Amino acid sequence: MYSKKVMENFMNPKNVGEIDDASGIGEVGNAKCGDIMKVYLKIEDGIIKDAKFKTFGCGAAIATSSMATQMIIGKTVQEALELTNKAVVEALDGLPPIKLHCSVLAEEAVHAALWDYAKKNNIEIKGLKPPKEDISH
């Protein structure tokens with residue numbers, strides 16, 4: 001059912017935790033569906049120096065959070081904005097259709113953290129949209 005990469009990122013997730021002085025924090029999901037993701041970004045000179053996450057959810061939610069943070073560390077803010085749920089799924093060698101919403105949450109959590117960063121610093125990031133208040137799937 002799950003690829004080796006999904007299982008690896010679930011059993012041994014990378015970048016779990018919080019960043020105390022985070023440049024941006026994004027939280028998405030809702031308690032009704034059971035998946036809540038919180039992403040913390042440390043951004044210096046427009047580069048994502050660190051990314052951490054805390055996810056309450058299923059194995060696929062944890063795996064997509066882990067992979068998404070790995071994919072954006074070292075990238076520019078603009079490159080991180082281009083992260084898509086499809087890219088996360090591909091990096092994990094696929095997800096079952098019923099779990100694809102987890103990859104959407106990972107993308108939206110990263111974007112929400114970028115939005116928070118932009119707001120805190122009064123800057124505009126080309127193509128960045130405000131996060132949705134409630135995500136239901």
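Each value in this text was obtained by applying a stated rule to the coordinates, not by laboratory testing. As the structure is a prediction and not an experimental result, all values here were calculated from the model. Please note: Cβ atoms are built from the backbone with ideal geometry, for glycine as well, and neighbour counts cover all protein chains shown.
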Inset, instruction - Express in % the proportion of alpha carbon pairs of segment 1-65 at distances exceeding 19 Å. - result: 38
Legend entry - Karplus-derived 3J(HN,Hα), 6.51/-1.76/1.60, for each residue of segment 73-85, Hz, glycine and proline x: 5, x, 8, 6, 4, 5, 5, 5, 5, 7, 4, 10, 4
Inset, instruction - Take the alpha carbon atoms of segment 20-75, find their center, do the same for segment 80-137, and report the distance between the two centers in whole angstrom. - result: 9
Legend entry - Antiparallel %, DSSP beta bridges [both residues in the chain], to 5: 95
Legend entry - Cα-centred dipole magnitude for the chain, charges only on beta-carbon of K, R (+1) and D, E (-1), debye, nearest 20: 240
Legend entry - Burial ordering of Cys102, Cys58, fewest other beta-carbon atoms within 10 Å first: Cys58, Cys102
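So what is Rg over Rh here for the chain, counting just Cα atoms and using Kirkwood for Rh?
Working: Rg = 13.7 Å, Rh = 14.5 Å.
Result: Rg/Rh = 0.94.
For a quick check: sort His111, His101 by the number of other beta carbons within 10 angstrom, fewest at the front.
Values: His111 23, His101 20.
With the sparsest Cβ surroundings first, the list reads His101, His111.
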Legend entry - Potential extension, Lys5-Cys58 segment - 0.36 nm per residue separation minus Cα distance: 17.6 nm
Inset, instruction - Per residue of segment 50-56, in order, report the coupling 6.51 cos²θ - 1.76 cosθ + 1.60 (Karplus, θ = phi - 60°) as ³J(HN,Hα) in whole Hz, putting x for Gly and Pro. - result: 8, 8, 10, 8, 10, 10, 9
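Trypsin sites (Lys or Arg not before Pro) within segment 19-93: which are DSSP loop residues with at most 16 other Cβ atoms inside 10 Å? Could the numbers behind the result be given before it?
Values: sites: Lys32, Lys38, Lys42, Lys49, Lys52, Lys54, Lys75, Lys86; in loops: Lys32, Lys75.
Filter output for segment 19-93: Lys32, Lys75.
In the structure shown, do any of Lys99/Lys129; Lys32/Lys126; Lys5/Lys126; Lys14/Lys49; Lys42/Lys119; Lys5/Lys49 have a Cα-Cα gap over 22 Å, and if so which? Mind showing how you got there, number by number?
On the way: Lys99/Lys129 24 Å; Lys32/Lys126 32 Å; Lys5/Lys126 32 Å; Lys14/Lys49 15 Å; Lys42/Lys119 15 Å; Lys5/Lys49 24 Å.
Among Lys99/Lys129; Lys32/Lys126; Lys5/Lys126; Lys14/Lys49; Lys42/Lys119; Lys5/Lys49, the Cα-Cα distance tops 22 Å for Lys99/Lys129; Lys32/Lys126; Lys5/Lys126; Lys5/Lys49.
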Inset, instruction - Calculate how steeply helix 59-72 sits against the longest principal axis of the alpha-carbon atoms of the chain, using the helix alpha-carbon long axis, and give the answer as 0 to 90 degrees to the nearest 10. - result: 40
Legend entry - Ala31 paired with Lys129, simple spin-label distance in nm, labels 7 Å along Cα-to-beta-carbon: 2.8
Legend entry - Highest-MSF residue in the chain out of Asp35, Asp21, Asp50 [GNM, Cα springs under 10 Å]: Asp21
